[in-house]
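Take a look at the structure below.
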Amino acid sequence: MGYNIMISTNELQSSELINDKAKQWAFDNIEYLNKLMTLFGSSLKVEKGADKYDTYVMYLQPADKIAIKTLCSFATKAGCKEPCLIDSGQLGMTTGQNAATKRTILMLLRPDYFKARILSEIDKAERKALKTGIPALFRLNGTSDIDFSDIYKARPNSQFYDYSKLLSRVRKNTLANYDLTFSGSMYSKQSRAALRKAVTARHRIAVAFNTKLIASDALAIPDSMANFDKTDLRHLDNKVIGALTRKGSNKKQRAYDDNQANSFFVTSANLKQFKNIIQSIEV
């Protein structure tokens with residue numbers, strides 16, 4: 001099947017799927033927008049598990065950063081828009097931002113072609129895995145929270161995984177080749193209630209702490225919690241809950257946020273409440 005890959009300025013102007021900021025970026029980068037690119041990338045955290053798996057991650061622009069309809073429907077209640085991973089490390093650099101913007105526009109304006117490209121890249125990675133003996137692992141929601149069930153079903157022999165702040169997605173997932181970890185937040189009444197429900201249901205949970213584990217940070221992660229920074233191979237975990245350190249922040253930000261009880265992160269101000277929520281779990 002042939003696809004109309006090229007995106008014109010007229011189509012961009014009339015699109016009701018992307019916002020004005022995205023349109024202006026596309027006008028300014030129209031040649032780059034219409035060039036082929038790979039959809040999967042990698043990150044330092046993911047590569048820590050590369051001795052056992054080749055991990056492929058797709059990074060999109062999250063929430064409503066460029067999409068009219070949010071790509072992360074619980075982001076406002078979870079309080080994760082501002083501290084999103086998309087703005088940290090290499091992803092936060094111009095090349096990383098441009099690539100994520102391009103992928104997102106392509107997904108929204110050329111969904112059939114986008115799906116075909118994902119499947120093609122998965123197949124290429126699986127062929128590499130057969131040659132090297134290193135299995136492939138795929139995460140489509142590196143910085144988004146979208147239902148890609150059609151992709152997972154189309155490649156039942158490939159292993160996929162994600163983190164999601166939508167407890168409903170975690171509850172409803174029955175696909176054997178798709179592993180979902182609930183991403184907990186202490187930001188709002190709704191996110192804390194979702195965390196409590198995830199604890200009760202014994203779903204696997206990842207929680208980010210407001211620390212980089214340096215001497216100037218006031219907050220320490222309880223020794224009893226699993227270290228989810230060590231590897232991203234969540235589908236091999238038998239732990240119920242694990243801790244992640246904060247990415248893309250400075251000491252001043254962390255010092256300020258550590259006094260905030262309503263935070264996406266576990267902070268000194270909400271640590272006691274967090275411990276009360278997870279007290280039924282043997283971490």
Checklist entry - For residue 232, which of the numbered conditions (1) under 21 Å from residue 78 (Cβ atoms); (2) surrounded by fewer than 19 Cβ atoms within 10 Å (Cβ to Cβ); (3) in contact with a Ser or Thr (Cβ under 7 Å, 6 or more places away or on another chain); (4) not aromatic (Phe, Trp, Tyr) fails to hold? => result (2)
Item to check | Flag for residue 44 being under 29 Å from residue 186 (Cα atoms), under 18 Å from the mean Cα position of the chain (by Cα), modelled with pLDDT under 95 and surrounded by 14 or more Cβ atoms within 10 Å (Cβ to Cβ) | outcome: no
Checklist entry - Are there any pairs, at least 6 apart or on different chains, whose C-beta atoms fall under 9 Å, with the first in the stretch 145-162 and surrounded by fewer than 20 Cβ atoms within 10 Å (Cβ to Cβ) and the second outside any strand (DSSP E or B) and charged (D, E, K, R), and if so, which? => result 147/169; 148/115; 150/115; 151/115; 154/115; 155/123; 155/126; 157/126
Checklist outcome for this item: Reported set for the stretch 131-157 where residues are among the polar types (S, T, N, Q) and not in a helix (DSSP H, G or I) is 141, 143, 144, 157
Checklist outcome for this item: Within the stretch 64-78, the count of residues that are in contact (Cβ under 8 Å) with a residue 40 or more places away in the chain and farther than 18 Å from residue 41 by Cβ comes to 10
Item to check | Residues that are among the hydroxyl-bearing types (Ser, Thr, Tyr), in a helix (DSSP H, G or I) and within 28 Å of residue 192 (Cα to Cα), drawn from the stretch 65-99 | outcome: 76
Checklist outcome for this item: Of the residues in the stretch 164-194, those that are touching a helix residue (DSSP H, G or I) at 6+ places or on another chain (Cβ under 7 Å), polar (S, T, N, Q) and either without any contact (Cβ under 8 Å) to a residue 12 or more places away in the chain or not in a loop (DSSP other than H, G, I, E, B) (or both) come to 164, 181, 190, 191
Checklist entry - Right, residue 105: farther than 26 Å from residue 182 by Cβ and either modelled with pLDDT of 95 or more or not in a loop (DSSP other than H, G, I, E, B) (or both) or not? => result yes
Item to check | Test: residue 132 is surrounded by 22 or more Cβ atoms within 10 Å (Cβ to Cβ) and either farther than 30 Å from residue 258 by Cβ or in contact with a Leu (Cβ under 9 Å, 6 or more places away or on another chain) (or both) | outcome: no
Checklist entry - residue 188 is checked against (1) surrounded by 13 or more Cβ atoms within 10 Å (Cβ to Cβ); (2) more than 19 Å from residue 275 (Cα to Cα) and fails just one. What number does that condition carry? => result (2)
Item to check | Filter result for residue 23 (surrounded by 12 or more Cβ atoms within 10 Å (Cβ to Cβ), modelled with pLDDT of 95 or more and at negative phi) | outcome: yes
Checklist entry - Considering 63, 100, which residue is within 18 Å of the chain's Cα centre (by Cα), crowded, with 17+ Cβ neighbours inside 10 Å and at positive phi? => result 63
Item to check | Count of the stretch 7-19 residues which are within 12 Å of residue 105 (Cα to Cα), part of a helix (DSSP H, G or I) and not aliphatic (A, V, I, L, M) | outcome: 1
Next on the checklist: I'm trying to understand the selection: among the residues of the stretch 227-248, which are within 21 Å of residue 173 (Cβ to Cβ) and not in a loop (DSSP other than H, G, I, E, B)?
Outcome noted: 234, 235, 236, 241, 242, 244
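The values are calculated or read from the model by the stated rules, or taken from the named source; none is laboratory data. Source: prediction; values computed, not measured. Heads up, the Cβs are rebuilt from the backbone with ideal geometry, glycines too, and the neighbour counts pull from every protein chain shown.
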